[in-house]
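K.L.:
One structure is given below, represented as structure tokens, and several questions about it will come after.
The values are calculated or read from the model by the stated rules, or taken from the named source; none is laboratory data. All figures in this text were calculated on a predicted structure; none of them were measured in a lab. Positions of Cβ are backbone-derived with ideal geometry, glycine not excepted, and every protein chain shown enters the neighbour counts. Note: areas computed on protein heavy atoms with side chains; ligands, DNA, RNA excluded. Shrake-Rupley method; radii C 1.70, N 1.55, O 1.52, S 1.80 Å.
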Amino acid sequence: MPRRRAGQTGYGPIDVVESRRTPVVPDGVLGMLLFVFAEATLFAGLISAFAIAKAGAPVWPPLGQPRLPVEATAINTAALVASGLLLMLSRRRFKVDRVSAEAPFVAALGLGTFFVLFQGYEWVSLIGQGLTMRSSALGSFFYLIVGVHALHAIAALGLLFVTWRRMRRGWLASSQLATAEVFWYFVVGIWPLIYLIVYL
Amino acid sequence: MAESIPASHGDHEVGHHEEQGFVSKYLLSTDHKVIAMQYMFTGMAMAVIGGFFAYAFRMQLAFPGMDVPGWGLVTPNDYNALVTNHGAIMIFWVAMPVLIAAFGNYLIPLMVGCDDMVFPRLNRLSYQIFLLSAIVLMASFFVYGGAFGGAWTMYPPLSAKAEYSLTQLGSTIFVLAVALEFVAFLMGGINFITTAMNSRAPGMKLYDVPMVVWMIVVASILFMASVGPLIAGAIMLLFDQNLGTAFFDPDRAGDPILWQHLFWFFGHPEVYVVLLPATGIVAEVITTFSRKKLLAYRTILYTVFGTGVLSFTVWAHHQFVAGIDPRMAHVFTVTTLLISVPIAEMMFVYIGTLYGGSIQYTTPMLWALGFLVTFLIGGVTGIFLGASGADIYFHDTYFVLAHFHYTFFPIAIIGTFAGVTYWFPKMFGRMMNETLGKIHFWGTFIPFNAIFLPLFYLGVAGQHRRIYDYSAFPELAQYQDIRVFATSALLVMLAFQVVFLWNFFHSMFRGEKAGANPWKANSLEWAAPSPPPHGNFPDGLPECHRGPYEFSHPDREEDYWPQNQPA
Ligand SMILES: [Cu+2]
């Protein structure tokens, strides 16, 4: 288990040394789990605020607002879920043969990027149809919740990208892969919930 | 991978590292002790600012319309900005950074017996973001329209609309500063929990972890579980302020009460976030100075977990008057009264620990005992406010104000002084002056009660909060003498803080040298030299053989038994 000593900078292929205690959960994974836990409460706050607004509104969806692209987003949701599954596959292969783990990893990264770009494209067309932050409570919450999710997706993709580079150079420790995985599964896992509550 | 380890990183050379310049050693260091000091000194500076604000608005209350020395005329807008920022500073920029970040950073690696935090660079970033948040908050006093004055709870529409807050930029900056501060503590909390779980010394089981470490860990978990909804609310509020959304705007189908839910869902657990580290400090101090084993270690631990869970079910007791279904008010009354049970039990355990001990009245012990006494009053008066029937009368009066000062002052000030005076020898390698320490204790403790006990009376008499001049209210103007008395007590208390500052800085350089373990305490930080060098334990990282509270063991000649001493 990697353990950095005080005074050691920690750059380079192996930033490791010495093990005093074998943790049940590696440092990086535990740190990421805690972060994801806090982020989950953020989404819980946003989604419950949306649910309260929706329940309290006399008409829902508000009049004169475009319909959300339910079908196109269903396909996009499938792409994101597939990306998560490919990452799982990569994980399984990483344990036995590190080289063969790369292909599903790149595919997961690609599908994730596609998801974000497609969401951006949808936003542009929705704005064109008159759904904006100011146009209605639906617009405000839609851009808020989907936007916060997109920011998480972009950050997680960045981490996946760094992980991929380490993987190519053969520097990737199993716990580092697990850390990136936790973040991405969070982004993938929370999206169907958002789709269910916000779109449908 | 083990074979690629350079030999120079073995245990025996931990203390040896290249000389660093001032900037890299004190400003950009990733050493947990340096970061702890950064948090502590920033917190102290903010406490001076927050205390100065209290002085300015208390002077206005006692002598309305008079020029306050050092501030000038306190206008109604000034008054609002002062009370708002006093509250926010004392909770978010004093209690949090000192109790959790400074003590957490300093104590956790030392007490679990490792050389540093698990994520040292994240730790440094955490402080830098915190410092930025403090600077951003202070900047709000210099923008057009002045600082935000809509209370630290930031209720919309007062905080959301420029027509009401009169300072668009000031209120945006305020929300932004609070949000930044939370990001900093999120990073800190991740570090505290991970370090306490993964870096414990060999042999240290979960029940051997000192109580203060457990308390900081649980406080960090509570913080992380509650901060999300508030961040969500803060983003929505920033959008309402600047992007023209209407999340909280009742004119445009928004819901201002929604903010109160999001805020207090965080706000009530936040009380426990700062309370728990203070009770942890008190546990360390009272066991050491009564030379007795902590009564019911596990019971306290389970109590704390229970309190943590319960603290998420009480938030709407802040909204009894804001318009809540009376049936829900009943539910929240019950949960609120229930949460006083575990805290009362914790008090009994502490008193039981003291019972029959050989008590040494050192300065830290006086602070710890002072904590128990004052916090008890804070807790008991909270019961009146938790019962919805009584709260409808007490709501927004000085009774509420006196109540939460009887909780936050013991936590943020008394608890902090207990911790600082207890670990000062470890931090700086020298002892503080005991006589000055005791003068400072009594000079703080007596005036504190003299300020806030009368305010309970004013609250019961019907004095409403957030009014900057009571002379226009005939039925309240008669109590002017009490206001003058409370303000005079505040002046006395502030004057006595000079004694502390002198003692602190003088002892830092001139105090009597302290050995590694001046209090004869057990936990692992006392096994390191005072002050601990970079890497903490130059003779090799310690191993743990027993729990931290083995005082006065019948089979031993000495009345203490350090955790790292082999049996
Ligand atoms: Cu509360």
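K.L.:
Roughly how many percent of the accessible protein surface of segment B:30-527 is carbon and sulfur, given a 1.4 Å probe and a whole-percent answer?
P.N.:
72 percent
K.L.:
Using a 1.4 Å probe and counting only protein heavy atoms, arrange B:ILE35, B:ILE343 so the residue with the most accessible area comes first.
P.N.:
B:ILE343, B:ILE35
K.L.:
Could you order B:ARG430, B:ARG252 so the one with the most accessible surface comes first? Probe is 1.4 Å.
P.N.:
My answer, sorted largest first, is B:ARG252, B:ARG430.
K.L.:
Now for a separate question. Quote to one decimal, in nm, the extra length available between B:LYS513 and B:ASN77 on full extension: 0.36 nm per residue of separation minus the C-alpha distance between them.
P.N.:
152.0 nm
K.L.:
Which angle from 0 to 90°, rounded to the nearest 10, does the C-alpha axis of helix B:103-112 make with the longest principal axis of chain B?
P.N.:
30 degrees
K.L.:
Going by amide H atoms built from the backbone, whose H comes under 5 Å of the H on A:VAL25, apart from near neighbours?
P.N.:
For A:VAL25, whose amide H was placed from the backbone, there are no distant partners under 5 Å.
K.L.:
A further question follows. Given axes a ≥ b ≥ c from the Cα gyration tensor, I'd like to know whether segment A:76-187 is rounded (a/c under 1.5), prolate (a/b larger than b/c) or oblate.
P.N.:
prolate
K.L.:
Where does helix B:434-460 land angle-wise versus the long Cα axis of chain B, in degrees 0 to 90, nearest 10?
P.N.:
Compared with the principal axis, the helix lies near 30 degrees.
K.L.:
Pull out a ≥ b ≥ c, the square roots of the eigenvalues of the alpha-carbon gyration tensor of chain A, then state rounded if a/c is under 1.5, prolate if not and a/b is larger than b/c, and oblate in the remaining case.
P.N.:
Taking the square roots of the gyration eigenvalues as a ≥ b ≥ c, chain A is prolate.
K.L.:
How far, in nm, would the chain grow between B:ALA322 and B:ASP555 when pulled straight, counting 0.36 nm per residue and subtracting the alpha carbon separation?
P.N.:
Gain on extension, B:ALA322 to B:ASP555, equals 77.8 nm.
K.L.:
May I ask which of B:LYS292/B:LYS438; B:LYS25/B:LYS520; B:LYS292/B:LYS426; B:LYS205/B:LYS438 have a Cα-Cα span longer than 29 Å here?
P.N.:
The answer is B:LYS25/B:LYS520; B:LYS205/B:LYS438.
K.L.:
When the accessible area of each residue in segment B:238-280 is compared between its chain alone and the complete protein assembly (1.4 Å probe; ligands, DNA and RNA ignored), which residues differ by at least 50 Å², being lower in the assembly?
P.N.:
With the partner chains in place, segment B:238-280 has these residues losing at least 50 Å²: B:PHE247, B:LEU258.
K.L.:
Suppose we take every Cα in chain B and form the convex hull; what volume per residue is that in Å³?
P.N.:
164 Å³
K.L.:
In sequence order, what are the phi-derived ³J(HN,Hα) couplings for segment A:195-200 according to the Karplus relation 6.51 cos²θ - 1.76 cosθ + 1.60 with θ = phi - 60°, rounded to whole Hz, with x for glycine and proline?
P.N.:
4, 4, 8, 8, 7, 8
K.L.:
How large is ³J(HN,Hα), in whole Hz, for each residue of segment B:277-293 in order, when computed from phi with the Karplus curve 6.51 cos²θ - 1.76 cosθ + 1.60 and θ = phi - 60°, using x for Gly and Pro?
P.N.:
So the Karplus estimates, Gly and Pro as x, are x, 5, 5, x, 4, 4, 4, 4, 5, 6, 5, 4, 9, 10, 6, 9, 5 Hz.
K.L.:
Compute the distance in nm between two label points, each set 7 Å from the Cα along the Cα-to-Cβ direction, one at B:LEU453 and one at B:ARG466.
P.N.:
3.0 nm
K.L.:
Right, next: Calculate how steeply helix B:363-386 sits against the longest principal axis of the alpha-carbon atoms of chain B, using the helix alpha-carbon long axis, and give the answer as 0 to 90 degrees to the nearest 10.
P.N.:
40 degrees
K.L.:
If you don't mind, another one. Okay, which of segment A:78-107 sit inside 17 Å, backbone N to the point 7 Å along the Cα-Cβ direction of A:PHE114?
P.N.:
A:78-90, A:103-107
K.L.:
Of A:ARG166, B:ARG58, which has the most accessible area with a 1.4 Å probe, and how do the rest follow in descending order?
P.N.:
A:ARG166, B:ARG58
K.L.:
Only counting protein heavy atoms at a 1.4 Å probe, give the residues of segment B:114-135, ordered by number, whose accessible area falls by 10 Å² or more when the other protein chains are present relative to the chain alone.
P.N.:
For segment B:114-135, once contacts with the other chains are taken into account, B:ASP115, B:ASP116, B:VAL118, B:PHE119, B:PRO120, B:ARG121 lose 10 Å² or more.
K.L.:
Rounded to the nearest 0.05, what FRET efficiency is calculated for A:SER175 and B:GLU475 with R0 set to 51 Å and r the Cβ-Cβ distance?
P.N.:
Efficiency computed from Cβ-Cβ geometry: 0.15.
K.L.:
Still on this structure, I have one more. How big a patch of accessible area, both sides summed and in Å² to the nearest 100, lies buried between B and A at a 1.4 Å probe?
P.N.:
3500 Å²
K.L.:
Which value in deg cm²/dmol, rounded to the nearest 500, describes the helix-derived mean residue ellipticity at 222 nm for chain B, given -39,500 (n - 2.57) per DSSP H run of n ≥ 4 and division by the residue count?
P.N.:
Value at 222 nm, helices only: -20500 deg cm²/dmol.
K.L.:
FRET efficiency for A:VAL99 and A:TYR185, Cβ-Cβ distance as r, R0 = 22 Å, nearest 0.05?
P.N.:
After rounding, the FRET efficiency stands at 0.40.
K.L.:
B:VAL68's amide H: which non-local residues (gap 5+, or another chain) put their own amide H closer than 5 Å, with H modeled 1.01 Å from N in plane and none for Pro or chain starts?
P.N.:
B:LEU73, B:VAL74
K.L.:
Which FRET efficiency, nearest 0.05, do A:ALA78 and B:LEU337 yield, Cβ-Cβ r, R0 60 Å?
P.N.:
Here the calculated transfer efficiency is 0.75.
K.L.:
Also: Per residue, how many Å² of accessible area does the protein assembly as shown show with a 1.4 Å probe?
P.N.:
Per-residue accessible area for the protein assembly as shown comes out at 39 Å².
K.L.:
If you take the square roots of the eigenvalues of the alpha-carbon gyration tensor of the protein assembly as shown and sort them as a ≥ b ≥ c, do you get rounded (a/c under 1.5), prolate (a/b over b/c) or oblate?
P.N.:
Since a/c reaches 1.5 but b/c is at least a/b, the shape of the protein assembly as shown is classed as oblate.
K.L.:
Over all directions, what mean area does the Cα convex hull of segment B:94-196 project, stated in square nanometres?
P.N.:
If I average the Cα hull's projected area over directions, I get 6.6 nm².
K.L.:
Next question, about the same structure. Mind listing the long-range amide H neighbours of B:ARG430? Cut-off is under 5 Å, sequence gap 5 or more, other chains count too, H placed in the peptide plane at 1.01 Å from N.
P.N.:
B:ALA514
K.L.:
Right, another one. So what is the relative contact order of chain B, in percent, for Cα pairs below 8 Å that sit 6 or more residues apart?
P.N.:
17 percent.
K.L.:
Which value, in Å² and to the nearest 10, is the accessible area of A:PHE115 when all protein chains are kept and the probe is 1.4 Å?
P.N.:
The accessible area comes out at roughly 0 Å².
K.L.:
Oh, and also: Given the C-alpha centroids of segment B:51-109 and segment B:184-223, what is the distance between them in whole angstrom?
P.N.:
Here the answer is 30 Å between Cα centres.
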